[in-house]
Amino acid sequence: GNGIPLEQALEWVRLARSAEPANPFPWTIQVDILRRLRRHAEALSLAVEAVSRFPDEVVARNGLGEVLKAQKRLDEAEQVYRETVESFPENAVARCGLGEVLKAQKRLDEAEQVYREAVARFRNSVVARNGWGEVLK
């Protein structure tokens, strides 16, 4: 995009993480940047560590799901998202992540049901509505 180059953002978030190691957000941002850079092994290792350090942070769990999905480890990503939805039922990102993984597995009926539930719970979620529409298409 037109923003900060990802390599520069990665350096800044590493500094933030070293300055505040107990803050989960630099961890999850670093995971996302590594995923976007397709540095999947690093992203996965850091995502697993983030979930271990911050088990009650939904963002860390969703980050792990995204990394696994990007690596096409869909069964593992599905498990992470299912556990996250169970632990955090009011998190739209986890529900939509589960829908995406089911769609990628060609399990369209299940994906449609997940998105239908997401739209019912999160009426204003554009991601849920778009995901539902894509599955129906």
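Let me know the Rg and Dmax you get for region 45-113 when you use only its Cα atoms, in Å.
Answer for region 45-113, Rg first and Dmax second: 11.3, 35 Å.
Work out the charge dipole of the chain with +1 on the Cβ of Lys and Arg and -1 on the Cβ of Asp and Glu about the Cα centre, then indicate which of P24, A94, Q113 is farthest towards its positive end.
Q113
Please compute one quarter of the surface area of the Cα convex hull for region 25-74 and express it in square nanometres. Mind showing how you got there, number by number?
Working: hull surface 11.4 nm².
Computed as one quarter of the Cα hull surface, the answer is 2.8 nm².
Which one of T84, W12, A128 has its Cα pushed farthest toward the positive end of the charge dipole of the chain, where Lys and Arg give +1 and Asp and Glu give -1 at the Cβ?
The residue sitting most towards the positive pole is A128.
Report, in debye and to the nearest 20, how large the dipole of region 70-116 comes out about its Cα centre when Lys and Arg carry +1 and Asp and Glu carry -1 on their Cβ.
It works out to roughly 200 debye.
Kindly state, as a whole number, the per residue volume in cubic angstrom of the convex hull around the alpha carbon atoms of the chain. Present the calculation step by step, with values, prior to reporting the outcome.
On the way: hull volume 15.8 nm³, N = 137.
Enclosed volume per residue, from the Cα hull, is 116 Å³.
Report, in debye and to the nearest 20, how large the dipole of the chain comes out about its Cα centre when Lys and Arg carry +1 and Asp and Glu carry -1 on their Cβ. The partial results should precede the final answer.
Numbers: 21 positive and 21 negative charges, 87 e Å.
Roughly 420 debye, rounded to the nearest 20.
Per residue, what accessible area does region 1-106 have, given a 1.4 Å probe and all protein chains present, in Å²?
Numbers: 5810 Å² over 106 residues.
Value for region 1-106: 55 Å² per residue.
The values are calculated or read from the model by the stated rules, or taken from the named source; none is laboratory data. What you see is a predicted model, and the numbers here were worked out from it, not measured in a lab. Every residue, glycine among them, receives a Cβ derived from its backbone with ideal geometry; neighbour counts consider all protein chains shown. The area values use the complete protein model at the heavy-atom level, side chains included, leaving out ligands, DNA and RNA. Shrake-Rupley method; radii C 1.70, N 1.55, O 1.52, S 1.80 Å.
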